[in-house]
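One structure below.
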There are 4 protein chains.
Amino acid sequence: MKRETTESEYTAAVVGGTGFTGGELLRLLYQHPNFDVVQATSRSKERKTVGHVHPNLREMDLRFTSPEDLESVDVLFAATPHGVSMEHIDAFQDAADTVVDLSADFRLNTEAQYDEWYDGHVCPEYLEQAEYALPEINRENLAGADLIASGGCNATATILGLKPLFDADVLSGDEQVVVDVKVGSSEGGAGGGDASSHPERSGIVRPYAPTGHRHEAEIEQFLGVSVSFTVHAVDMVRGASATCHVFPESPVSKGDLWKAYRGTYADEPFVRTVAGGGGVYRYPEPKSVAGTNMAEVGFELDPSNRRVVVFSAIDNMMKGSAGQAVHAANVALGVEETAGLEFTGLHPVGAP
Amino acid sequence: MKRETTESEYTAAVVGGTGFTGGELLRLLYQHPNFDVVQATSRSKERKTVGHVHPNLREMDLRFTSPEDLESVDVLFAATPHGVSMEHIDAFQDAADTVVDLSADFRLNTEAQYDEWYDGHVCPEYLEQAEYALPEINRENLAGADLIASGGCNATATILGLKPLFDADVLSGDEQVVVDVKVGSSEGGAGGGDASSHPERSGIVRPYAPTGHRHEAEIEQFLGVSVSFTVHAVDMVRGASATCHVFPESPVSKGDLWKAYRGTYADEPFVRTVAGGGGVYRYPEPKSVAGTNMAEVGFELDPSNRRVVVFSAIDNMMKGSAGQAVHAANVALGVEETAGLEFTGLHPVGAP
Amino acid sequence: MKRETTESEYTAAVVGGTGFTGGELLRLLYQHPNFDVVQATSRSKERKTVGHVHPNLREMDLRFTSPEDLESVDVLFAATPHGVSMEHIDAFQDAADTVVDLSADFRLNTEAQYDEWYDGHVCPEYLEQAEYALPEINRENLAGADLIASGGCNATATILGLKPLFDADVLSGDEQVVVDVKVGSSEGGAGGGDASSHPERSGIVRPYAPTGHRHEAEIEQFLGVSVSFTVHAVDMVRGASATCHVFPESPVSKGDLWKAYRGTYADEPFVRTVAGGGGVYRYPEPKSVAGTNMAEVGFELDPSNRRVVVFSAIDNMMKGSAGQAVHAANVALGVEETAGLEFTGLHPVGAP
Amino acid sequence: MKRETTESEYTAAVVGGTGFTGGELLRLLYQHPNFDVVQATSRSKERKTVGHVHPNLREMDLRFTSPEDLESVDVLFAATPHGVSMEHIDAFQDAADTVVDLSADFRLNTEAQYDEWYDGHVCPEYLEQAEYALPEINRENLAGADLIASGGCNATATILGLKPLFDADVLSGDEQVVVDVKVGSSEGGAGGGDASSHPERSGIVRPYAPTGHRHEAEIEQFLGVSVSFTVHAVDMVRGASATCHVFPESPVSKGDLWKAYRGTYADEPFVRTVAGGGGVYRYPEPKSVAGTNMAEVGFELDPSNRRVVVFSAIDNMMKGSAGQAVHAANVALGVEETAGLEFTGLHPVGAP
C-alpha cells in the first residue's frame, strides 16, 4: 500500500524498472515517506503497468515509459545492466540532481582499476567523483553527492564482514583472506539462460565464479586487501552469504572480536552482530534478513589454529543493491537514514 | 525497525509468542503505528528475548514472560494451540478490553457445530458472542467487539474466493463445490514431527487432509454451502492456495464474473482480483502475497462445460492468521483499517 | 555405469537427445540389459558428448549427431516437440522396425479428435494404427507394434488413478469428475521462458492450465469420461500428482475401493495402491516414485458426502514419459517387461 | 524391484534400518546381485514393514526385528548412531564374518585420536584393526577385512578432492588448507529438532559447524594435513560439496592439475574429474551425483595468486555413507566392485 508521503518530498525516477533490482527500487520508493516515484522506464514493457511485471506492485498506479524521455526529477536511480549507465550518464545528470547508479560502472576509482576488471570505460572522468554507496564506509561523502555508485552485493557482504578486523588492526591486509560466497538466483537477474531455469537451478551447490570474480576489485579498493574469492550458487532466490576465513598474525580472543565489531557497528542502523548464543539462528543467515536492508555479521574462532571465521549475510537485492541505493539517497538528500527501509523481515520464511 | 507510534496508542499483549503465529503478531505489532507491545508470553522460553526465537526481531527490546502473569492491556492476542484459549478466556478478558483469539476455539457459532468438528467446548456460552475476524464478511460487527475469533487460514482463502459467487447469485449453496487446497509448512506450526522434518517435507505434494478437514465447518457457517474439501501440503513455507471447482446451474460469462468480484471487493483494501492478462503472474499465487495481508482471488471459465474455476491465494500466517487478527483489531478499536498492514510483498521471492 | 547387455540385444536410437525426455531415454537405455544405444541426435549440440548436456551420463561414450542421418536400428524413440514426429514419421519408420513417439502426435485415434485439441495433422492415416503406450490399458496391442504413442504425463496419472473405478463400475462416465493436477518444472521441458526461471518458478502454486488442457482428450478417449481438468505448477522438478474428486451414484465402501484397485492392478509391476495406514507416507506422493517407473494410486472416502478422492502420483519423466516408452518397447519387442526399469527410487529425497 | 541374485550370494543384515543411512543400505542391498538381506533391525518400528518407513521400498518383503536377536549372516552393516556399535561390537562380530560400521566409532586409528574428538572409547583395541572403508585410499587392506569403518561424508568429500594434490606433491601438508563445506539436511539424520523442521531449514545458508567439526580428524589421519574446516547447511536433502582453497608453495598449471587428478583416479570407477568445459555443469555438483556412488572432483586456478580451488561433490548418503559401505563390502568379499552401485543418477533433478 502506498504510505502517505510527508511535506519533505522528493520526486524520483527508476531507469530500468522491469529488472529485479528495478522492481525492488520501485517497491521501496512506493512506500517511502519522502519519495514520490514519477517515472519508471522500460524498453521491453513500455506502456505496461508496473504490476504487470512485479505482482507485488499491482496497486501501483504507474506505467513503464520509454527511457528516451526522462522526466526531470530530484533523484534518478539507474538499474540497468553494466555498461549502460556510462553511456547515458549525461542524460541522467541532466534529468536529475542526484543520480544513483546500481551497476558496476562507477564503483571503482580509477580507469586503471576499471580496465583491469571490465572493458574500457567511456567516461572515466566520472570515476573519481562518484561516491560509493555503502554508508557504513562512506557516509560523510554521500551527503549532497551528485553521483552515487551502489556497491556490488558480494563485495558489500564481504566488506561489511571484514571491516571491523581492519578497523581494530586484527588484520593488516597482508594476510591470506579466503572468501567463500553463496548466493541466490536473483543475482543472475531477470532473464537468464539454461543454467538459471528452474530444473537446472534447483537444489544446486554450483561453483559459478570459482575465481576471478569482479567484486574482488571493490573489496581491494576499500579494505586494501587482495582476497581469494569464490562464489557458489545455492538454492535460494534472495541472499548473499560470505564466509571469510582469515588468519591474523597475532592471536585474538572472542572478547577482542566482540569489541571490534561493536566498535565499528555500534551506531549503524543496518548492521547487527550475531555470533553464537543458543537457539536455531546463532550466526548470520540470509533468511534472517531477507527482504530487509539489514546486514548480519558474526564470527567464530577456530580452536585448532589462529583462524577467525567471519560470516556475513545480506539480501543481495536490498543491502546488496536497491536497499543500499535508497539508504545512500536518504543520506545524500538529508532525509531520515532509515526512511523506507524499516521492514524487519519475516519468520519463518522459506527460500526467500 | 520500530516505527514511531502516534498519540492514539493502544497497549497490546501476545499470549503464545514463540509460535509462528505469535511471532508474526509480534512483528506486525512492533511496527504498528497504533499499538505498543508490552508483553509476550511463553512457557518454554521465559526470560529469553523475542529475537532469540524470531531472528527478524532481534532489535525488539522484549523478553518472554510467563503466561500466568498477564498485564493489563487494551488488546490481547491469543496465539495458542486449539483448546487453550477456552480454558483461559476469563483471565484473558480480565486482562484486556479486547481479546483476539487466533485458535479455532471461538470460530463456530453454536456448541452443536463445535462438537461436530472438535471435542467438547468448556465455555460454549462465548460462542455466540464471539465475532469472526474476517472483516470482509463481518466488518460491521467487529467495531467495538470484546471477543474476536480469527478465521482458519484455509477457510479464509476459500470463503474469500467463493463469496462473490454467492453475493451475485451465481451459486445458491446447493451445487457441488470441490475445494482443492495447497498449503505451506508453516501451517503445521513450530515443532512438528517426522513428517515436517526438512528431508521428509521437501518437494512434496502430500495429501495431508484428504477429507474431513475442520475448516469445512467455517465455510459452511459463512457461505451456507457444504464443500468437498481436500488439503495438500506442498513445498513452500508460507501460503495457502484454494482452487474451487464449481458448477453453476446457469451459464455465466467472464463479464458476469468480473462484475461479481468487483461488486464484492471494489472497496476492500486487502482483496484484489487477478484473472488472466499476460505476463508470468496471471492468476492468484501465494508468492505474490507472501508476507502481506492481501488476498488474491480470480477465476477462469471451462469452455467444455459449465465449470467455473476459482483461485484464491493468501499468506496463511498473515491474511490467514496474524494479519487478519490485526486487521480485525484495527476495526474493533477504530484505528485506520490498513494500519500496520501496508507491506506490499517482494518480487522475486523464492519459496516464501 | 553401463550394465552388460545380454545376447538378446536390440539397437536403439533417440531422436531429440538433448531435451529432458531424451536424456531420460538415454539414461534408461544406457543401463538397459536388452538395448544398445547406437545414436542420439541433436540439432543444437551436434558432436557434443551426451554428458555435456546430461551430467549424469558423462561416462556414456556417445556424441550427438544430426537428425538428418538416421542409422538403421531396431527401435527408434522420438523425443521431439509436438508436431515434429508427424513430419518425419516416414524417415523414422524407414530407419527402425519399431518407432516409439513421445510427443502428442499419435496419441489420439481420429483426425477429428486431433483437430479438436491440436492444429491440423499432416498424416492422419497413422492415427488409427498407432498404439497408445500405456501397457496397463493396452498391453495386448503393444506386442509387435510398429508405431507406439507414449501417453501424456498428466493423462497417464489421471487414467491410472481412475481406471479401477470404471473397471469396477463405481463410475459410469456420466458423473462429475474434477481432476486437480500438480506438476513439476520438468514438464515445461528444457529451455522455457521467464516463467520457468528459478526466481519466478521457485516456491509457486501457479495455475498454469486452469482449463482446456489437451490431456483431457486422452482421458476421454480411454476412460470415456469428460473431466474438469486444472493443472497447477508447484515447486518440484519431477512429478505429476493428480487428485480426482468423483461422486459415484451409489455409495461405496473402502472395501469396495480396495477390491477395485486390487482387481485392476494386482498383477501390474508398475502400479501400487497406497491408501492410508500409518507413518509419514500414507497416500500417493510424487517423491515416493521419483526416478522410477512406478505409479502410486490411492483413495479416501469423504464421510460427509458420497465423494471419493483419488490420488495418483508418478514421475512425469518416467511413468509419464520415458519410462512408459521403454516399458512399451519392452512389451513390443518381447523382452522382460520390467527390464531396465527396476530402480526403486530414493528415500529421503528433496524436490526430485 | 528386486534384481535376481546370482549363485555367489551372501546374506546380509542391517542394524538400525529405520534411519536414513539404514534405508539407503536396504535399498542398495535389495537390488544388489550378490547380497540377500535377511534381517533389518529397529527398536522403534519392530514388526513394521521396511516400506512403512521407506516408501521407495514398499515392495520389499521384510519386517523390522529387534536388534537383540541378530541372525547369523555373512555381512552385517551397522547404521546406528555414534557410540552404539562400540557397545555391541562383540555381538556384531559373533553374528557376522564381516562387520561394516557406518558410525564414527572405528574410523580413527588410535585411542588418543579418538579421545581428542569424541568421548572415551569402550573398546579401543578394535581401533587399529578396523579398516577405513574408502577403497580409493585403502583398497588393498579391505580385501578379507573383518571390521570396516565407513568414512564420514564430509571427510570423504574432502579427502577425495585433495588426495591427488598430495599424491603429486603439489601439497606437502604444511600449507594452509581452507575447506568450506555445504551439506544437505539428510546429514542431520531422521528425527532432528527445531532447526531441521521444514520452515526453519528451508532456503538456508546456515553455518552449522563453523569450526571444530570432528571430520577434521579423519582428514588429518589420511592426508596428513590439518585443515581449516567450516560446514554450512544449505537447501538440499542429499549432497555434500567441499570447496578446498589451497596455496601450493610452487606454481602449478592446469596441465599439472589434470595430470595429478588423472594419475590418482584414472582407474577408479567411482571418481570422475570435472573441471571446466562448456555447458551448465562445468564443475563438481552434488546434483550431478545424487543417488549415485560417484564422487566428482575438479579444480580451478586463481589467476591473481597461487590459489588452487578444489571442488568435490558427493551424495552424502551414498559415497559419503551407505554406498561407500557397500563398495567396501564388495571389495572385502571379493565380488565385482561396482556391483549394486551402477545407478547413474538423474537429470534434471530438483533438490535431491
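Bear in mind that the values in this text are calculations on the coordinates, not laboratory data. A quick note: this is a predicted structure, and the numbers were derived from the prediction, not measured. Virtual Cβ from ideal backbone geometry, glycine too; neighbours counted across all protein chains shown.
Before moving on, here are some points about what is shown:
- For peptides A:265-274, D:12-21, sequence by mean Cβ density within 10 Å, most packed first: D:12-21, A:265-274
- Amide hydrogen neighbours beyond the local backbone of residue D:11, cut-off 5 Å, H modeled: D:36, D:74, D:75
- Computed E for residue B:111/residue B:140 - FRET, C-beta separation, R0 22 angstrom, nearest 0.05: 0.35
- Remark: label point of residue B:120 defined 7 Å out from Cα along the Cα-Cβ vector; separations to the same position in other copies 5.4, 7.6, 8.8 nm, ascending.
- Per-residue shielding of B:14-26, expressed as the average number of other chain Cβ atoms within 10 Å of the residue Cβ, stands at 1.
- Taken one residue at a time, the phi angles of segment C:86-91 give Karplus couplings (6.51, -1.76, 1.60, θ = phi - 60°) of 5, 6, 10, 4, 5, 5 Hz. Gly and Pro are set to x.
- DSSP beta bridge pairing in chain D, given as percent antiparallel to the nearest 5: 45
- Helix B:254-265 axis, angle to chain B major axis (alpha carbon atoms, nearest 10°): 20
- Phi-derived couplings, Karplus 6.51 cos²θ - 1.76 cosθ + 1.60 at θ = phi - 60°, listed residue by residue for segment B:298-309: x, 7, 8, 9, 8, x, 8, 7, 7, 5, 10, 9 Hz, with x used for Gly and Pro.
- Radius ratio Rg over Rh of segment A:153-314, counting only Cα atoms, Kirkwood formula for Rh: 0.97
- Structural descriptor for chain D: relative contact order 17 percent, calculated from alpha carbon pairs under 8 angstrom and at least 6 residues apart.
- Copy-to-copy label distances for residue A:250, where each label lies 7 Å from Cα along Cα-to-Cβ, are 3.7, 8.8, 9.2 nm in order of increasing length.
- Of the beta bridges in segment B:153-314, as assigned by DSSP with both residues counted there, near 75 percent are antiparallel.
- Scalar couplings 3J(HN,Hα) for segment D:140-149, obtained by applying the Karplus form with A = 6.51, B = -1.76, C = 1.60 to θ = phi - 60°, are 5, 8, 7, 4, x, 5, 8, 10, 10, 10 Hz; x denotes Gly and Pro.
- The protection proxy used here, the mean number of other Cβ atoms lying within 10 Å of each residue, ranks peptides D:38-45, C:94-101 as follows, highest first: C:94-101, D:38-45.
- Mean partner shielding of peptide C:313-326, defined as the number of other chain Cβ atoms within 10 Å of each residue Cβ, is 1.
- Projecting label points 7 angstrom from Cα along Cα→Cβ for residue D:123 and residue C:268 puts them 4.9 nm apart.
- DSSP bridge pairs, the protein assembly as shown: antiparallel proportion in percent, nearest 5: 45
- 19 Å Cα-Cα reach of residue C:182 towards lysines, excluding residues that sit fewer than 8 places from it in its own chain: B:182, B:287, C:287, C:319
- Packing-based ranking, highest mean first, of A:111-122, B:127-138, B:166-177, D:324-335 given that Cβ atoms within 10 Å are counted: D:324-335, B:127-138, B:166-177, A:111-122
- The mean count of C-beta atoms from other chains within 10 Å of the C-beta of residues in B:42-52, rounded to a whole number, is 2.
- Each other residue within a Cβ distance under 13 Å of residue D:141 adds +1 if Lys or Arg and -1 if Asp or Glu, for a net charge of -4.
- Prolate/oblate/rounded call for the protein assembly as shown, Cα gyration tensor, a/c under 1.5 rounded: rounded
- Between residue C:258 and residue B:259, the FRET efficiency estimated from the beta carbon spacing at R0 = 41 angstrom works out to 0.30.
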